[in-house]
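Colleague: The structure is given below, and queries will be raised subsequently.
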């Protein structure tokens, strides 16, 4: 029977604003969404910005000097009082207020130390595959710093009553930290009352499994580090985690659109539409030739089919839009591999890749990793086709949270870049040292 792994309090290391300056200036995104330009921008915000730890400078294929530098910087900031360790083990309540096109949203999480266990235990459940390169990078940083610098983001199906009680009490008091970052408002409360901490730990212990929303590479890295370091570094048995209730109304998943780099000139839209009609209802959408306006039309067309499997194809090679709508379940099943779970076969992106994208990648004659780019901005995706820098784009629905849980429960893995949980918890709110 699956259960929840141990979810423990810990003594965080946090910025001291009296030394480091405003917390707003020291936060940064997780390593995997920081571009080289953004890294420079975050460095310029403060000499203590967490990007100097999370993504230290240096060539990606160079030696380990950048990790050594990050570790030395981390130790120096502790010695200088830039970072200070809290007095007692605690859970940390985190509230994020942010804006989406539908209006203001609010999400509440708990930060804790979660024991890392093999996927085979079934107690922490993944939904996507990982790659060796990012894990090697994160492992080198973990070995050097002996600290969890940014959290794994986990979901739990049911709220823990003791955590709800802690929230009721916390909201009657000022937060220990308040910051504005990337138009998001972050507030943090510390729960270190011994009796309540014990109730929270017991409440988690009686719960069910945890599902990874974001941070598969960090989790697998922590698991590998536990195997090599737990005997001498007890903190290596766990990882810093943000835990969110899966039904939190502020838990937002954004779509990730696909852009195909190139196709032979003889691949024409007319022939593709004829081929797609074997699986889909094919509808032409009037286009204006303006990428911004047409992107908005594409998104509006998808919203009109919000409860259906549908997507927009832009191009190829032309400023034209095509709505593909899966209206016949028998045709859909015929286009999908029979050896995958029912939950996987119910995904929009599974059908998009099987029936549309992957056949076009094969005709492009390039490896999928080279042929496809992934973008969150539909306007940018459409613009790349219209200006000729890409052959085609595919505008998609967001994956639903329940679909993530269903695919994970089925023991399956989603197509690449199926989810973008938003907004990601920033790096720098707190650090979990392993010693």
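Here, each number is a calculation from the coordinates, and none is a lab measurement. Note that this is a predicted model, so its numbers are computed, not measured. Don't worry about glycine lacking a Cβ; one is built from the backbone with ideal geometry, like all the others, and counts go over all protein chains shown.
Colleague: Rounded to whole Å, give me the distance from the Cα center of the range 90-105 to that of the range 1-47.
Modeller: Here the answer is 16 Å between Cα centres.
Colleague: Further, regarding this structure: Mean-square fluctuation check for the chain, GNM, Cα pairs under 10 Å: which of 326, 275, 369 is largest?
Modeller: 369
Colleague: Which whole-number percent gives the relative contact order of the range 255-419, counting Cα pairs below 8 Å spaced six or more residues apart?
Modeller: 40 percent
Colleague: Under 8 Å for C-alpha pairs, at least 6 residues apart: give me the relative contact order for the chain, rounded to a whole percent.
Modeller: Details: 842 pairs, mean separation 102.9, N = 435.
Answer for the chain is 24 percent.
Colleague: Output the peptides 185-192, 209-216 sorted from most to least packed, where packing is the average of other Cβ atoms within 10 Å over each peptide's residues.
Modeller: 209-216, 185-192
Colleague: Okay, moving on. How do 431, 82 line up, fewest other C-beta atoms within 10 Å first?
Modeller: Ordered from fewest to most neighbouring Cβ atoms within 10 Å, 431, 82 come out as 82, 431.
Colleague: Let me ask something else about it. Modelled label-to-label distance, residue 416 and residue 331, 7 Å Cα→beta-carbon offset: nm?
Modeller: 2.9 nm
Colleague: Ignoring solvent entirely, what values of log10 I(q)/I(0) come out of the Debye formula for the range 78-158 at 0.12, 0.23, 0.26 Å⁻¹ when each Cα is a single scatterer?
Modeller: Each listed q maps to, in turn, -0.60, -1.31, -1.35.
Colleague: Also, I was wondering about something else. State, in angstrom, two size descriptors of the chain derived from its alpha carbons: Rg to one decimal place and Dmax to the nearest whole number.
Modeller: 23.0, 70
Colleague: Sticking with this one: By how many degrees, 0 to 90 and rounded to 10, does the Cα axis of helix 291-303 deviate from the longest principal axis of the chain?
Modeller: 80 degrees
Colleague: Would you mind getting me the FRET efficiency between residue 161 and residue 231? Use the beta-carbon distance for r and R0 = 30 Å, nearest 0.05.
Modeller: E(calc), rounded to 0.05, equals 0.25.
Colleague: Let me have the relative contact order for the range 63-196, percent, based on Cα pairs under 8 Å that are six or more residues apart.
Modeller: Once divided by the residue count of the range 63-196, the mean separation gives 35 percent.
Colleague: Rounded, prolate or oblate: which fits the range 4-75, taking a ≥ b ≥ c as square roots of the Cα gyration tensor eigenvalues, rounded meaning a/c under 1.5, else prolate when a/b beats b/c?
Modeller: Numbers: a/c = 1.64, a/b = 1.19, b/c = 1.38.
Because a/c hits 1.5 or more and a/b fails to exceed b/c, the range 4-75 counts as oblate.
Colleague: Post the alpha-carbon centroid distance, the range 288-339 to the range 182-215, in whole angstrom.
Modeller: 39 Å
Colleague: Report the calculated FRET efficiency for residue 97 and residue 265 (r = Cβ-Cβ distance, R0 = 51 Å), to the nearest 0.05.
Modeller: 0.55
Colleague: Above 18 angstrom, tally the Cα pairs of the range 255-419 and express them as a % of all pairs, no decimals.
Modeller: Across the range 255-419, Cα pairs with separations above 18 Å total 57 percent.
Colleague: By how many degrees, 0 to 90 and rounded to 10, does the Cα axis of helix 194-205 deviate from the longest principal axis of the chain?
Modeller: Tilt relative to the chain: about 40 degrees.
Colleague: Let me ask something else. So how much slack lies between residue 76 and residue 340, counting 0.36 nm per residue of separation and subtracting their Cα-Cα distance, in nm?
Modeller: Difference between extended and current length: 90.0 nm.
Colleague: At a 10 angstrom cut-off on C-beta neighbours, averaged per residue, how do the peptides 125-132, 300-307 rank from highest to lowest? Working shown, then result.
Modeller: Details: 125-132: 15.9, 300-307: 12.6.
My ranking of the peptides, most packed first, is 125-132, 300-307.
Colleague: Against the longest alpha carbon principal axis of the chain, how many degrees, from 0 to 90 and to the nearest 10, is the axis of helix 161-170 turned?
Modeller: With both axes taken from Cα atoms, the answer is about 70 degrees.
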